[in-house]
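Okay, structure first, notes after.
Every number here is computed from the coordinates shown, using simple stated rules; none is lab data. Values in this document were obtained by computation on a predicted structure and should not be read as measured data. Neighbour counts run over all protein chains shown; Cβ positions are idealised from the backbone, glycine included.
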2 protein chains.
Amino acid sequence: MPLAALASKDLETLQAHLGHYRDVTLAALLAVVPTGEPQQYLYQPLKQHLSHMGKGLRPALCIATCQTFGGTEEQALKSAVALEMIHNAFLVHDDVEDNSECRHRRPTMQAEHGVPIAVNVGDAMNALSLRLVRENIPLLGHSLTQRIYEEFEHLMLKSLEGQALELGWVRDNRCDVSEADYLQLILHKTCWYSFMHPCRIGGLIAAQDTLDLDRFNKFGYFMGAAFQIQDDVLNLVGDAQRYGKEIGGDIWEGKRTLMLVHLFKHSTPSELEVLQGFMGKPRTERSADEVSWVIQQMQDYGSIDYAIAVANQFAQAALDEFSIAYGDTPDSEAKSFIPKLIHYMISRSQ
Amino acid sequence: MPLAALASKDLETLQAHLGHYRDVTLAALLAVVPTGEPQQYLYQPLKQHLSHMGKGLRPALCIATCQTFGGTEEQALKSAVALEMIHNAFLVHDDVEDNSECRHRRPTMQAEHGVPIAVNVGDAMNALSLRLVRENIPLLGHSLTQRIYEEFEHLMLKSLEGQALELGWVRDNRCDVSEADYLQLILHKTCWYSFMHPCRIGGLIAAQDTLDLDRFNKFGYFMGAAFQIQDDVLNLVGDAQRYGKEIGGDIWEGKRTLMLVHLFKHSTPSELEVLQGFMGKPRTERSADEVSWVIQQMQDYGSIDYAIAVANQFAQAALDEFSIAYGDTPDSEAKSFIPKLIHYMISRSQ
């Protein structure tokens with residue numbers, strides 16, 4: 001299937017489908033939050049954060065994959081919700097680690113409640129994701145639930161490994177990061193937990209031991225890489241109102257994105273020196289003029305266009321890989337949802 | 001058994017016993033750390049932190065309880081190590097939340113590696129504690145392992161609830177905290193994960209469904225309260241070299257301890273006003289003179305002596321409760337270890 005924007009009818013179907021997955025996920029997400037004390041310093045901010053759930057790509061992918069392989073929405077729901085919960089835990093800690101002020105057009109947890117409470121709320125989200133995994137037992141049994149725990153354990157460690165690389169490169173102002181390093185970073189930081197594991201867990205629940213879950217890895221990696229690079233591009237050229245985060249925020253935070261890696265590679269030695277000097281400063285000492293200069297350099301060297309092209313290539317590769325990873329399943333609504341999701345994701349503006 | 005310092009022979013036996021539990025725990029703790037990348041920004045600092053393991057009260061209590069109820073060290077080991085791992089995760093995030101510089105005579109993770117990497121390392125310790133729980137399956141089977149997961153889920157949430165109270169009271173400068181509030185705080189923050197659950201999990205592994213695990217709750221609570229109050233006292237009057245943390249650190253951090261709660265209650269209105277003003281300042285604006293004044297006030301009002309007396313009462317209550325919770329088990333080396341541990345704990349100077 002060639003990569004193109006969705007026809008308006010397809011877009012409507014996709015949005016309705018995604019909206020349904022989002023609705024069932026959000027309801028179950030809020031239902032697992034304890035109603036006891038302490039509300040003010042823990043469960044109230046936690047619940048408020050969850051209530052601003054995004055598009056719900058991860059639970060949608062998990063449930064749709066389960067359905068495509070013959071399982072039901074009900075069977076996949078607890079795991080899908082656990083994925084959304086752990087995603088929120090990562091976001092809250094991510095914002096502490098990056099010292100971010102704004103997400104989804106709202107102040108981050110740490111901006112609103114301070115670093116100590118934000119770290120603690122993220123930890124509680126982590127614990128609640130495990131409760132959700134456990135709640136699979138009545139429907140799926142001990143042995144299958146145990147396999148899901150293992151998938152979660154793997155996705156947690158991979159994501160934290162990717163995060164460690166990103167934080168370390170920023171802290172030590174590493175300006176020798178290559179494109180291969182960057183892809184390794186996003187494989188760990190994004191692809192495992194956001195795309196590979198949601199598919200793996202959906203497939204696992206539907207087909208249990210009859211399916212080699214590694215069949216989803218390439219597909220999830222390609223989709224994740226397309227998503228992350230697109231996300232980084234939107235951080236630079238998006239509309240702040242729609243995107244919900246500060247434009248250029250990644251540059252303020254010193255994140256190693258594909259555009260920055262491209263700029264490292266193409267800058268002249270003297271430009272690289274200026275860039276290194278800028279990247280070595282603490283965030284508070286960076287000026288808006290300097291950030292604009294970095295963006296201008298990226299534009300001049302075609303770094304942004306390059307990243308857009310790479311994101312599109314990954315999206316196309318994901319579409320191709322979809323026919324392999326999901327090829328032997330019967331046609332269904334859920335099955336046709338997944339490639340549409342790739343089209344939607346790559347053409348999104350927020 | 002009356003509360004008294006241990007005879008030197010008993011102290012030697014206790015220390016050898018505790019040292020053995022510590023040795024087996026530390027070896028298994030280090031063995032679970034992944035040897036792959038990224039070492040520099042994740043697994044190396046994580047492993048280094050684990051290598052400075054303290055006395056190992058939690059794993060000791062878990063293994064000794066399992067043995068007392070007829071189980072083996074081998075059966076309890078993975079869970080004991082998981083308890084030590086999650087304890088380390090709490091410590092690392094605790095130091096971020098409290099902005100602490102020093103622990104066990106060493107710089108904290110955040111002082112050495114920065115807040116972002118410290119938050120991420122704590123998250124990875126959390127994930128590794130779950131891996132350790134999962135590693136119970138070959139020896140204990142799915143169903144019992146699942147019960148251990150549930151115990152962990154409960155201890156995580158209870159601890160985070162306690163932590164939320166502590167952080168919230170500091171942030172909002174709550175000076176109306178009562179002794180009952182304080183006991184509620186340490187029940188959640190300390191007692192569940194450090195004392196009640198280690199006993200519960202040890203008993204669960206040994207006796208499975210034949211034991212009502214709630215039998216350990218009072219014992220663990222009394223022991224935990226004695227431990228925490230003693231710890232808070234040492235933070236004020238201990239020897240910095242032996243104790244390993246900054247003396248008066250809790251006052252610098254604004255922590256609501258039993259001494260502070262006692263001082264709130266006994267201060268004159270004008271003294272309370274000064275105290276509230278001091279407690280309302282950010283840490284960096286507090287002076288050593290002010291901290292000394294608070295300690296002097298605590299001494300003048302007998303707040304420290306009061307806390308020591310309460311800690312001793314809890315230790316005595318733990319000893320009395322021990323004969324109920326463990327009373328129906330046959331005599332054994334492991335069984336006699338536990339009350340000795342209480343004597344040791346309450347007379348410790350570090």
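Taken residue by residue and averaged, Cβ atoms of other chains lying within 10 Å of the Cβ of B:132-145 number 2. Only DSSP H runs of four or more residues enter the estimate; each adds -39500 (n - 2.57), and after division by the residues of chain B the mean residue ellipticity at 222 nm equals -23000 deg cm²/dmol. Sorted shortest first, the distances from the A:Gly70 label point to those of the same residue in the other copies are 4.4 nm; each point sits 7 Å from Cα along Cα-to-Cβ.
Taking only the alpha carbons of the protein assembly as shown, we obtain Rg and Dmax values of 26.8, 84 Å in that order.
Relative contact order of the stretch B:8-346, taken over Cα pairs closer than 8 Å and 6 or more residues apart, is 20 percent. Panel order for B:Val33, B:Val81, by other beta carbons found within 10 Å of each beta carbon, from fewest to most: B:Val33, B:Val81. Plainly put, the tip 7 Å out from Cα toward Cβ on B:Gly19 is 7.0 nm from that tip on each other copy, the closest given first. Along its three principal directions, the equivalent ellipsoid of the stretch A:225-339 from the Cα gyration tensor extends over semi-axes of 35, 16, 10 Å, largest first. For the rotational copy pair B/A, the chain B residue whose Cβ lies nearest the symmetry axis, together with its distance in Å, is B:His142, 2. Which of the aspartates and glutamates could be linked to A:Lys218 by a straight reach, that is with a Cα gap under 12 Å, when you skip same-chain ones fewer than 8 residues away? Output for A:Lys218: A:Asp320, A:Glu321. Here is the size of the stretch A:146-212 from its Cα atoms: Rg then Dmax, 14.7, 46 Å. Counting only other chain Cβ atoms within 10 Å of each residue's Cβ, the peptide B:152-160 averages 5.
Here the stretch A:191-342 is assigned +1 on the Cβ of each Lys and Arg and -1 on the Cβ of each Asp and Glu. Its dipole about the Cα centre then comes out at about 200 debye.
Per the Cα gyration tensor, chain A maps to an equivalent ellipsoid with semi-axes of 33, 25, 18 Å, ordered largest to smallest. With the label put 7 angstrom out from Cα along the Cα-to-Cβ vector, A:His142 ends up 0.7 nm from the copy partners, going from closest to farthest.
Summary of the geometry: the stretch A:309-339 and the stretch B:269-309, compared by the centres of their Cα atoms, lie 65 Å apart.
Report, as a whole number in µm² per second, the diffusion coefficient that Stokes-Einstein gives for the stretch A:63-200 at 37 °C and 0.692 mPa s using the Kirkwood radius over alpha carbon pairs. Once the numbers are plugged in, D ends up at 202 µm²/s.
To the nearest ten degrees, helix A:303-325 and the longest principal axis of the Cα atoms of chain A are 20 degrees apart. All C-alpha to C-alpha distances of the stretch B:1-124, sorted into 10 Å bins beginning at zero, yield P(r) values of 12, 37, 30, 16, 4, 0 percent in whole numbers. Among B:Lys189/B:Lys265; B:Lys189/B:Lys255; A:Lys158/A:Lys265; B:Lys47/B:Lys158; A:Lys78/B:Lys78; A:Lys47/A:Lys255, which pairs are too far apart, with a Cα-Cα distance over 19 Å? Table pairs above 19 Å Cα-Cα are B:Lys189/B:Lys265; A:Lys158/A:Lys265; B:Lys47/B:Lys158; A:Lys78/B:Lys78; A:Lys47/A:Lys255. Per-residue mean of foreign Cβ neighbours for A:38-51 is 3 (Cβ atoms of other chains, 10 Å radius). Enter the angle in degrees (range 0 to 90, nearest 10) between the Cα long axis of helix A:217-237 and the first principal axis of the Cα atoms of chain A, meaning the one along which they spread out most. It is inclined by approximately 40 degrees.
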